[in-house]
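Report on the following structure.
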Amino acid sequence: MNDKRGPTTGQLEFTFSRRALFIGGVQAAVGAVVATRMAYIAVAENEKYKLASESNRINLTLIPPRRGWFIDRIGKPIATNRADFRVDIIPDRLQNREQTLGTLTQLLDLKQEDLERIEKELKEAQGFQPVQVAAGLDYESFARVSVRLPDLPGVSPRQGFSRFYPSGAAVGHLLGYVGTVSAEEYRLDKNPLLITPGFKVGKQGLEKTMEMRLRGKPGAKRTEVTARGKIVRELSTRSDTPGKPVQLTIDIDLHNYAARRLGVESGSVVVIDCLTGDILALVSMPCFDPNSFSEGIGRLEWKMLNSDDRIPMLNKSLQGLYPPGSTLKPMAALAFQQQGIDPEEKVVCGGGYRLGNRVFKCLGRHGPMDMRSAIMKSCNTYFYAMANRVGYDAIAPVAKQLGLGQEFPLPFQSQRYGTVPDSAWKRKKYDQEWSRSDSLNAVIGQGYVIASPFQLAVMAARIASGRMLEPEILLKNRAAGKHLPFPEEHLQVARDGMDLVVNGAGTAVRSRLEIPGITMGGKTGTAQVRAIKGGQRGQGGARRFRDHGLFVCFAPVAQPRYAAAVVIEHGMGGARAAAPVAKDVLTFLYDREKAMASLEALEAGWGGGIDERMARQYAAFQAGQGVPVAERSEM
Amino acid sequence: MNGIVPAPIAALPWRVIFVLFGLATFGTAVLYSAAGGSFSPWAGNHFLRFCVLMTMAVVMSRLPLDFWKKITFPLYLVLLLMLVAVELIGFAGGGSQRWINLGVITFQPSELMKPTVVLVTAWFFDRLPPSKITGWDAIWPVAIMLVVPSILVIIQPDFDAALAYIFCAAVVGFLAGWPLIYFIGGGVAVAILAPLVFFFGLRPYQQDRVLIFLNPENDPLGAGYHITQSKIAIGSGGIFGKGFGNGTQSHLDYLPEGHTDFIFATMAEEWGLLGGLIIIGLYVLLMRWGLKVAMESTNRYGQLVAGGLTCTIFFYIMINLLMVVGFAPVAGLPLPFVSHGGSSMLTMMICVGIIMSIERHPGRKAFS
């Protein structure tokens, strides 16, 4: 057995025991490595892994806060929250898109139009951002989806709140609407609340500008979930803190009435409290229904809104600009008196005014006119003559003091402030000198001068109250404005003229208030949409060429309390279209029953109230679009 | 003997039985908690199995060493035939199969082959004249005995088993006195070949697996998920654990295979570092016992078998624990005596039974 070159049994025994010890050492080393590693993970990195374990286990769901209400000046709700059921899709968790959508279509009776929107939003959605399938569901539909959930991964039915505007379209422009956060908005503010299903932000109007006050604080629900997402138990729930309510100066009943009273016309009504400057009504019609937006507006409805020639998406009271026409005459009267013109001085109206070799026409042959009767009859000749005497540079500052050309510090996204022209303005804008005929055009509210219905209402309120009223939409205690820099007698002349317009032998005598002891002063205006050619006076023909009808007013004449401006687009005349609306709106403030009777008679002729007519319009539009399939429209 | 305890019982290797009992009981407790505080489906089964197989091991310890020596080679041949049979059954059944169903228990030949490789290599070295240990004659028979079963299990495919065979044979060769140069050379060769194999031998998806092992966080939903969740379970347990029955990782199914391969993580979440050290400590005692038996045996076959089988158990422990703490790739090896699973427990108990037999029959100095 002994080989000189090989090991012996004894040597191997020795080798064995050494190597066995070595293996024991290796084993001990491995044990030490595992123990050390474990200690490192469990002690040094304990915090990190504890957190990871908790975030595995706990699913935090935000509960969107209920939005603060909008309430009117006496606390009536203008915008509230309505409990509703909704169904969303979380794109990340969606597994079989076709099948899931198919099942949902069946369960919720989705229309082709809804499906297109969902498909489109799913395509654009980022993984975490839920896509709304349907909102405002009844409990039955909600339950139908809920029981099928195991077969519908990625579908999330929820109970939540959606914005509700009891007045519907009437407050669309005033409040704007709410909608889901866009990808752009989320990029600017990475607040996880923004992408919580059911959370909406203000997209327009006061809803947008008052967003931070209205938003509130989200609640949270902590649930323990398994790796497969099954909820084991609810750990804790912190309820949401609703946003704070916003009280507006609006008188919602008056506002709604005015909106309804505009009827089938396209126009605006603005009512201002002459004591404070509070905006009591700020109506622009026609308007979208903000409720449609809070539930996610359909493609077709959107298309209809954008193709309507009455522009329901535009807030005409703040953003519509019109030549104010003769409504500026009381203002001009103030300027004339400021320049020393005696209100008793008479100008004889022979049907026009000659300036150089051009005759500026009047609407009639009024004979001798003083300042009051010129306002009453809306005699252009008188105003031509006086404007030619004082020049428009003397009138423009008065116009500005009364609110024309002014942008007010109101929480609306955009106001258009129009133009009060003067020589400096013209030089800057056109590099031309101001001409006398420019003055003549401007003084009757044509030519370069344009203003919004809201500015006209402010002007009426300031003339009526004699105070520098600042319009306000958020209700708060404020000091009444200081006196305008005009003597009371000057203001009284303008008011007298306006009194005569309605209660004398003026242009709006048919719109006298039928309320004992209360009279209304006003001024009509008819604004040309295009230059008069030939004999055409803008009183007929295609709608878009017809004159706008305007009316500014205040009541009661004895002690002005309310001022208003009404603009009816293409209404063909202030007396004909705008003054009757103003009459009913002011009547509503004093005698609701009478005003409602008048409105109900009118609505019967128009084919129902706002909602009814809008529903009919939508149905007609839908029918006109045929089967809405291959249509593509931009949202 | 003081006479109160009967001699045959007092003669049992109580120390190792206590160690194993400790491990199995701890495992039973963890399985009880993992099932949400229930003996079914795992804990009761586990403990019962332990008791039966422990008894089997004690019975095995009664068999003389010569018995094992005599059946070694026939046993090896029978298992080879069974591996072929499994292959054929699997082929006929139209899918890979690793076990033979014997009605009462399912029987996995590739699993039993692990201790058998130790037995057969030890048997070979015992017969080899000591002087030949450095020569070629000490290598090729081992190579053949290793390659045949390895190929058979690789076909299955079960690379882990083949790796275990190589490890077992290498350990026995090391203990038997193979020149160190074999091991150093082998280590160097692996170090050189591994990168080459990685870059030229592996398909992209296989490369991904290796990369995921090196960086599990890069693949949180795929293969890295196991390792990440296991680390979260251990790490969140801290020093004293979340308490019995309070492990969320296992109870809420975040930890995959929490009752088998990742039972250590399940345990660590509830018992913390303390529990981990207890288990490691019990394993240290077990290993020390096995190596001590090997060193105290005077019989070369007994030495090599005891050392080799101890390392077979160690192989399971090492791979499993390194995997669970994130130091080794995910492999399907359970934690001996703690994990739920019959096949591995059988193998482990066979190892223990044979080592106990060697302890009981250390041989006589006179023979050597």
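Table for the structure above
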{"read-out": "Farthest toward positive dipole pole in chain B [+1 Lys/Arg, -1 Asp/Glu at C-beta], among B:GLN303, B:TYR205, B:GLY27", "value": "B:GLN303"}
{"read-out": "Dipole moment magnitude, nearest 20 debye, the range A:252-614 about Cα centre, only Lys, Arg, Asp, Glu C-beta charged", "value": "1220"}
{"read-out": "Value of Rg to Rh for the range A:287-405 (Rh from inverse mean 1/r over Cα pairs, i.e. Kirkwood)", "value": "1.23"}
{"read-out": "Average projected area [Cα convex hull, the range A:70-148], square nanometres", "value": "6.9"}
{"read-out": "Helix-only CD estimate at 222 nm, as mean residue ellipticity for chain B, using -39500 (n - 2.57) per DSSP H run (n ≥ 4)", "value": "-23000 deg cm²/dmol"}
{"read-out": "Rg in Å to one decimal, and Dmax rounded to a whole Å, for the range A:252-614 via C-alpha atoms", "value": "19.8, 63"}
{"read-out": "Angle between chain A longest axis and helix A:392-401 axis [Cα atoms, degrees, rounded to 10]", "value": "50"}
{"read-out": "Interchain or long-range residues, amide H under 5 Å from A:LEU280's placed H", "value": "A:VAL271, A:ILE272, A:ASP273"}
{"read-out": "At 0.890 mPa s and 25 °C, Stokes D of the range A:1-95 from Kirkwood alpha-carbon radius, µm² per second", "value": "111"}
{"read-out": "Heavy-atom accessible area per residue - the range A:534-623, 1.4 Å, Å²", "value": "43"}
{"read-out": "Relative frequency of Cα-Cα separations exceeding 28 Å in the range A:67-222, percent", "value": "25"}
{"read-out": "Amide H contacts of A:SER156 (H built 1.01 Å from N, under 5 Å, at least 5 apart or other chain)", "value": "A:ASP88, A:ILE89, A:ILE90"}
{"read-out": "Of all accessible heavy-atom area on the range A:252-614, the percent that carbon and sulfur account for (1.4 Å)", "value": "50"}
{"read-out": "Inter-probe distance in nm under a simple model that places probes 7 Å from Cα toward Cβ, at B:LEU214 and B:PHE159", "value": "1.6"}
{"read-out": "Tilt relative to chain A, helix A:97-108 - C-alpha long axis, 0 to 90 degrees, to 10", "value": "60"}
{"read-out": "Principal axis dimensions, largest first and in whole angstrom, of the range A:146-220 by Cα", "value": "44, 31, 22"}
{"read-out": "Peptide-level mean, for B:264-274, of C-beta atoms on other protein chains within 10 Å", "value": "2"}
{"read-out": "Equivalent ellipsoid semi-axes, the range A:372-518, via Cα gyration tensor eigenvalues times 5, rooted, Å", "value": "26, 24, 14"}
{"read-out": "Sequence-distant residues sharing a close amide H with A:ILE63 (under 5 Å, placed H)", "value": "A:GLY219, A:ALA220, A:LYS221"}
{"read-out": "Span per principal axis, largest first, for the Cα atoms of the range B:64-183 (Å)", "value": "49, 33, 17"}
{"read-out": "Phi-based couplings in Hz for the range A:75-81 (Karplus 6.51, -1.76, 1.60; Gly and Pro marked x)", "value": "x, 6, x, 10, 9, 10, 10"}
{"read-out": "3J(HN,Hα) from dihedral phi, the range A:152-159, Karplus parametrisation 6.51/-1.76/1.60, rounded to Hz, x for glycine, proline", "value": "10, x, x, 9, 10, x, 9, 9"}
{"read-out": "For peptides A:415-421, A:523-529, sequence by mean Cβ density within 10 Å, most packed first", "value": "A:523-529, A:415-421"}
{"read-out": "On Cα atoms only, tilt of A:46-57 relative to the major axis of chain A in degrees", "value": "70"}
{"read-out": "Rounded percent of accessible protein surface that carbon and sulfur make up, the range A:59-247, 1.4 Å probe", "value": "50"}
{"read-out": "Cα convex hull of the range B:162-204, projected area averaged across orientations, nm²", "value": "3.5"}
{"read-out": "Farthest toward positive dipole pole in chain B [+1 Lys/Arg, -1 Asp/Glu at C-beta], among B:PRO362, B:SER61, B:TRP271", "value": "B:PRO362"}
{"read-out": "From phi via Karplus (6.51, -1.76, 1.60), per-residue ³J(HN,Hα) for the range B:291-300 in Hz, x at Gly/Pro", "value": "5, 5, 4, 4, 6, 8, 6, 9, 9, 4"}
{"read-out": "DSSP-assigned coil residues among GluC sites (Glu not before Pro) in the range B:252-336, each with at most 11 further Cβ atoms within 10 Å", "value": "none"}
{"read-out": "Positive-end extreme of charge dipole, the protein assembly as shown - chosen from B:VAL84, A:SER465, A:PHE164 (charges on Cβ)", "value": "A:SER465"}
{"read-out": "In the range B:240-280, the chymotrypsin sites (Phe, Trp or Tyr not before Pro) that fall in loop regions by DSSP, at most 16 other Cβ within 10 Å", "value": "B:PHE240, B:PHE244"}
{"read-out": "Buried area at the B-A interface (accessible, heavy atoms, 1.4 Å probe, summed, Å²)", "value": "4000"}
{"read-out": "Rg/Rh for the range A:404-478, where both radii come from Cα atoms and Rh is the Kirkwood radius", "value": "1.06"}
{"read-out": "Convex hull volume per residue in cubic angstrom - Cα atoms of the range B:251-321", "value": "71"}
{"read-out": "Size of charge dipole - chain A - debye, nearest 20, with Cβ of Lys, Arg +1 and Asp, Glu -1, no other charges", "value": "960"}
{"read-out": "Kirkwood Rh and Cα Rg combined as Rg over Rh, evaluated for chain B", "value": "0.97"}
{"read-out": "Cα-based Rg / Dmax (Å) for the protein assembly as shown", "value": "47.5, 155"}
{"read-out": "1.4 Å probe accessible area per residue over the range A:59-247, in Å²", "value": "49"}
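The values are calculated or read from the model by the stated rules, or taken from the named source; none is laboratory data. Just so it is clear, the structure is predicted and the values come from calculations on it, not from any experiment. FYI the Cβ positions are ideal-geometry reconstructions off the backbone, even for glycines, and counts take in every protein chain you see. Ligands, DNA and RNA are stripped out before the accessible areas are found, and what is left, the full protein with its side chains, is counted by its heavy atoms. Shrake-Rupley method; radii C 1.70, N 1.55, O 1.52, S 1.80 Å.
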